[in-house]
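The values are calculated or read from the model by the stated rules, or taken from the named source; none is laboratory data. None of the values given here were measured: they were computed from a predicted structure. In this analysis, Cβ positions are derived from the backbone assuming ideal geometry, glycine residues included, and neighbour counts consider all displayed protein chains. Quick note on the areas: whole protein, heavy atoms, side chains included, nothing else; ligands and nucleic acids left out. Shrake-Rupley method; radii C 1.70, N 1.55, O 1.52, S 1.80 Å.
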Amino acid sequence: MRYSIIGSGIAGITAAKTIRQYDTESTVTVFTNEFHPVGFYGRKDMLRQFSVNFKNTDDFLLDTHEQLEAQGIELIYHAELRVFPRLRQILKPHNIRQTYDRLLIATGATPMIVDAPGTHYIGVHQIRNGEDMLILNAWLPQLQQVGAAVIGGGVLGLELAHTLAIRDVPVTLIVRENRVGAPLLSEKAARLIENRLREDGVNLILGQTLTAYLSNDDKMLDGVQLSDGRLITARAAICAIGVRPNSDLAEDTDIDVDEVSGAIVVNEFMQTSVADVFAAGNCAMVDGQVSRNWATAAEQGRIAALNMIGQNIPYQPVFGDLDTVLYDLPFAYFGEITPVDGVTTWEWTDNASAYMQVHLKNYQVAGALLIGQPAAYAKELQERQQNNIETTVSDVEKLLMVAAR
Ligand SMILES: Cc1cc2nc3c(=O)[nH]c(=O)nc-3n(C[C@H](O)[C@H](O)[C@H](O)COP(=O)(O)OP(=O)(O)OC[C@H]3O[C@@H](n4cnc5c(N)ncnc54)[C@H](O)[C@@H]3O)c2cc1C
């Protein structure tokens, strides 16, 4: 059996390792278009690591090329591939075709750049891979002198601004909404994060959009213009306004792609609309949801692999390890977290480092968002949601009382 996987991120590598756990005979090949670092690396930890230290992209490595090879996983670098599912073939450069028996597409997603005049100036950028970190590192002395603008108030934008501030870059964070983290974070939750950013020295601008990238020599970025006409000096404008699934490989094939999200549609077994082609991670849509985080991508890669080897295991949404925001604040959410009719919202914050919001619907947990709280709280609440356990406001208060006191 020949297993081919396109994409060397967490979904693709988890799939490769899972196949290997059960099958040591077949060929497992991972194709990737990433060159730095050489191997499998911790994309989600790049910024955190950069905030404290950066030597080169090997800092992020989880498995070197050789370590993957030792596990029987062949890693091949190709920038341009095409797939022909009807022929069960991958077309490699120089018109070389390689056949597969089962294919996994795990190509992740690409960050979007704010569309405004001047996107071609050097300094207009995004952070997705090891090479982006090399670029950021090369620019660092200039950024420390001139400043940087980060566009986008989601978790990535917040951490980017935080990281640059830690690395002594005068940084302006530009957020379209009137609070960070919208719509996920409520006003109170957002204020807590905003206060932290201001303490870092971040110049936070809310309720503004970027309308133009500016350059004096029509080459290097010198600043950005905001919707109210303000000019912000910056040598880099780094966009963190969201990602678009990488589903180009499905073009001109019978593989279904969701028109709105651009993600490859899969069923609960992570199968696409074409036999023996699977998709997982940030490029895939399962049950109407497109994965946006590491833990989900890993689990989807695992489940895809189990089904590729013939087990019949449906994917269940996971609650990953509690994530963090601004690196040291535990951050978790699940289910419904925007108030709607028929939902009772319980909210508490100390305005400094802790925030909790729980939504109850028909005496059951509908969703929760916790910042700065131990993982156990979020896990317990989610277990209540998944098992439809009757829960009242008083139960929530009892459960979270220790933290709320
Ligand atoms: C800076 C940053 C910080 C983040 N922080 C967090 C965090 O704190 N917590 C969290 O949960 N998530 C975080 N994320 C998101 C998390 O990293 C992603 O959700 C996760 O990596 C998705 O895994 P994936 O395998 O689906 O895709 P990816 O990790 O994007 O991997 C896709 C792979 O496919 C390759 N590829 C794409 N197209 C092709 C092609 N045509 N041919 C060959 N190869 C191709 C790519 O080069 C890449 O190697 C962060 C992301 C970034 C960029």
Problem set entry | Rg and Dmax [Cα atoms of the chain; Å; Rg one decimal, Dmax integer] | 22.4, 66
For this session: Could you please tell me the mean projected area of the C-alpha convex hull for region 188-242, averaged over all directions and given in square nanometres to one decimal?
Result: 4.8 nm²
For this session: Select from region 1-105 those chymotrypsin sites (Phe, Trp or Tyr not before Pro) which occupy a DSSP coil region and have at most 13 other Cβ atoms within 10 Å, ordered by residue number.
Result: Phe35
Exercise. At a Förster distance of 35 Å, what's the computed FRET efficiency of Asp287 paired with Ile96, Cβ-Cβ distance as r, to 0.05?
Worked result: 0.45
Exercise. Which of the trypsin sites (Lys or Arg not before Pro) found in region 180-252 are in a DSSP loop and have at most 15 neighbouring Cβ atoms, other than their own, within 10 Å?
Worked result: Lys219, Arg230
Exercise. Share of the chain's accessible area from carbon and sulfur, percent, 1.4 Å?
Worked result: 47 percent
For this session: Sum -39500 (n - 2.57) across every DSSP H segment of at least 4 residues in the chain, then divide by the residue count to get the 222 nm mean residue ellipticity, nearest 500.
Result: -8500 deg cm²/dmol
For this session: Can you spot the lysines whose alpha carbon is less than 26 Å from Lys17's alpha carbon? Ignore those fewer than 8 places along the same chain.
Result: Lys44, Lys92
For this session: Note down the magnitude of the dipole of the chain about its Cα centre, charges +1 on Lys and Arg C-beta and -1 on Asp and Glu C-beta and zero elsewhere, to the nearest 20 debye.
Result: 280 debye
Exercise. Accessible area per residue of the chain at 1.4 Å probe, in Å²?
Worked result: 46 Å²
Seminar exercise, completed: In Å³ per residue, the alpha-carbon convex hull of region 23-67 encloses 89 Å³
Problem set entry | Whole-percent pair-distance distribution, where bins are 10 Å wide, for the alpha carbons of region 1-153 | 10, 34, 30, 19, 7, 1
For this session: Taking every Cα atom in region 261-307, find the radius of gyration and the maximum pairwise distance Dmax, and write them in Å.
Result: 9.4, 27
For this session: Using label points projected 7 Å from each Cα along Cα→Cβ, tell me how many nm separate Lys44 and Thr209, to one decimal.
Result: 3.1 nm
Exercise. Region 1-48: which trypsin sites (Lys or Arg not before Pro) are DSSP loop and have at most 14 other beta-carbon atoms within 10 angstrom?
Worked result: none
Seminar exercise, completed: Here the tail fraction of P(r) beyond 24 Å, over all Cα-Cα pairs of region 244-389, rounds in percent to 44 percent
